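Written below as structure tokens is the structure these notes are about.
The values are calculated or read from the model by the stated rules, or taken from the named source; none is laboratory data. Note that this is a predicted model, so its numbers are computed, not measured. Please note: Cβ atoms are built from the backbone with ideal geometry, for glycine as well, and neighbour counts cover all protein chains shown. Ligands, DNA and RNA are stripped out before the accessible areas are found, and what is left, the full protein with its side chains, is counted by its heavy atoms. Shrake-Rupley method; radii C 1.70, N 1.55, O 1.52, S 1.80 Å.
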Amino acid sequence: MAVEPGSVQAPLGAVLPLWTVLPFGLLLAAIAILPLATPRFWETHGHKGIVALLLAAPLAAYLVFAHGAEGGEALAESLQDYLSFIALLGSLFVISGGIHVGGSLPGTPLANTAFLGTGAVLANLIGTTGASMILIRPLLRANAERRRTAHVFVFFIFVVSNCGGLLTPLGDPPLFLGFLKGVPFMWPLGLWKQWLVVNGLLLFAFHIIDEMLLHKEERERPEGLLDIVLEKRPIRVTGLHNLLFLGGVVTVMLVRGEGLGTGGEAWPFGMQEGAMAILAATAYVTTGTQLRVANRFGFGPIVEVAVLFLGIFVTMTAPLLILNARGAALGLETPWHFFWATGALSSFLDNAPTYLTFAATAAGEVGVSVAGESYLADVLATGRGADLLAAISCGAVMMGANTYIGNGPNFMVRAIVEENGVRMPSFFGYMAWSAAVLLPTFVVVTLIFFR
């Protein structure tokens, strides 16, 4: 684009036409509709890739050819974010796939509820992805004798894959990005009240629903379902050496955040991703085949995530740029505005860049420049800025649970569960669950914390 001498060039998001949001919307529609309309076509990863390519390629070409270097840089940044995203998810997926939890717990409502609660705590130590990948298979085995179990895994996504990871930068990608931008490592622990309320309400709701469905199924089955469900085998964990590799991934994230080895400066792109790839590859070759067979480990779930999220990251380039440039026009002022705005977009856009977009908007609200690497530390230094960032953090982490595409682990859990013979709700069916359970919970959180 030509720029008048002496003029200030408008940011790219301010000049992008609104039609550039269309490819992203169409990709979301494809993910929601095609599995129902043409299930045979959609079950092939190659076909998913074709759909993603057909929608992403025109937008990528437009950004490069119509907006030159600026458009190319925006696209390159999205692709770098995608590679970092896949490096983290992929490494956690491969490493945790070598940890086998043998035996089984009883598939009772009380045991299931305790299991989800344990996952909510563990998510803060090894991330929502790591906790999801380690715990999903034991939960599948615990409930293998029951016929109605889809709700168990829907709530697993709600709690373990999303809402549980609110208390540390290791828990969920948005908080890790906040840490890189100046939020102290221990600051998210101050959100423990929000964490306790949302997860407490979800676990209570789950327990009631699980009790009702188990008793209904028991009445329908003459063979004494409760006696079968109560059977359990001793728990035995193998592949524990992979915990060292999980610790390595966490260490890489922390070291990168501190800029160790680069004089406090941000790591160049590729260092973190390469280190995670090495850890994943080493874990894979040092883990016996029998452990992965016992886990029914396969690359299908991560391939599906990689294919679809490549299209999502490319097509969401334009929506994020537009929001970044025109966010002030949204009229966001109070914490509840930021909680729901961040959450609504985190339901459909990746919650990490959404977090940064609204964090930048909040910085503008309190008069803090986003030019520095650690600008969020300055935002927190203002009382109002801390309130806004708390709302943004909760919205990004919690409402990533609203759809299958709100957070990376959601899709992976769904794929693993369906590979094990459990029929999960469709895209819209899952959203019906989130509308019925999550939205009222978030209203309660709003009334208590973000008025």
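See the values below:
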| read-out | value |
| --- | --- |
| For GLU418: the one exception among (1) without any contact (Cβ under 8 Å) to a residue 12 or more places away in the chain; (2) open to solvent by less than 30 Å² (accessible area, probe 1.4 Å); (3) charged (D, E, K, R) | (2) |
| Helices (runs of 4 or more DSSP H) (entirely within the range 184-269) containing at least 1 residues that are farther than 30 Å from ALA436 by Cα, modelled with pLDDT under 90 and among the hydrophobic types (A, V, I, L, M, F, W, C) | 225-230, 242-258 |
| Residue in the range 77-100 that is over 26 Å from THR282 (Cα atoms) and of a type outside the set (Phe, Trp, Tyr) present | yes |
| Enumeration of residues in the range 11-27 that are out of contact with any helix residue (DSSP H, G or I) (no Cβ under 7 Å at 6 or more places or on another chain) and buried (at least 19 other Cβ atoms within 10 Å of the Cβ) | none |
| Which numbered condition PRO39 misses (of (1) farther than 27 Å from VAL303 by Cβ; (2) out of contact with any helix residue (DSSP H, G or I) (no Cβ under 9 Å at 6 or more places or on another chain)) | (1) |
| Cβ pairs under 6 Å, 6+ apart, first in the range 28-48 and over 28 Å from SER346 (Cβ atoms), second surrounded by 15 or more Cβ atoms within 10 Å (Cβ to Cβ) | PHE41/HIS47 |
| 3 or more residues free of Cβ contacts under 8 Å to residues at least 24 places away in the same chain: qualifying helices (runs of 4 or more DSSP H) within the range 337-414 | 383-398 |
| The range 123-168 - residue that is modelled with pLDDT of 85 or more and outside any helix (DSSP H, G or I) and, of those, nearest to PHE204 (Cα to Cα) | GLY164 |
| Of all residues making up the range 406-427, the number that are out of contact with any Pro (no Cβ under 7 Å at 6 or more places or on another chain) and under 19 Å from GLY171 (Cβ atoms) | 7 |
| Those residues of the range 270-288 which are more than 21 Å from GLY178 (Cβ to Cβ) and either in contact with an Asp or Glu (Cβ under 7 Å, 6 or more places away or on another chain) or modelled with pLDDT under 90 (or both), in sequence order | GLY270, GLY288 |
| TYR430 vs. criteria on the phi < 0 side of the Ramachandran plot and either open to solvent by 30 Å² or more (accessible area, probe 1.4 Å) or over 10 Å from the mean Cα position of the chain (by Cα) (or both) | yes |
| Criterion: over 15 Å from SER96 (Cα atoms), open to solvent by less than 20 Å² (accessible area, probe 1.4 Å) and in contact with a Phe, Trp or Tyr (Cβ under 8 Å, 6 or more places away or on another chain) - qualifying residue of PRO319, PRO301, PRO335 | PRO319 |
| Residue in the range 363-383 that is most open to solvent (accessible area, probe 1.4 Å), counting only those that are within 15 Å of PRO335 (Cβ to Cβ), at pLDDT 85 or above and under 26 Å from the mean Cα position of the chain (by Cα) | LEU380 |
| Filter result (charged (D, E, K, R) and either surrounded by 15 or more Cβ atoms within 10 Å (Cβ to Cβ) or under 25 Å from TRP19 (Cα atoms) (or both)) within the range 35-77 | LYS48, GLU70, GLU73, GLU77 |
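Quick grid of which residues meet (1) free of Cβ contacts under 8 Å to residues at least 24 places away in the same chain; (2) buried (at least 24 other Cβ atoms within 10 Å of the Cβ):
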| site | (1), (2) |
| --- | --- |
| ALA111 | no, no |
| ALA150 | no, no |
| GLY164 | no, yes |
| PRO173 | no, yes |
| GLY190 | no, no |
| LEU196 | yes, no |
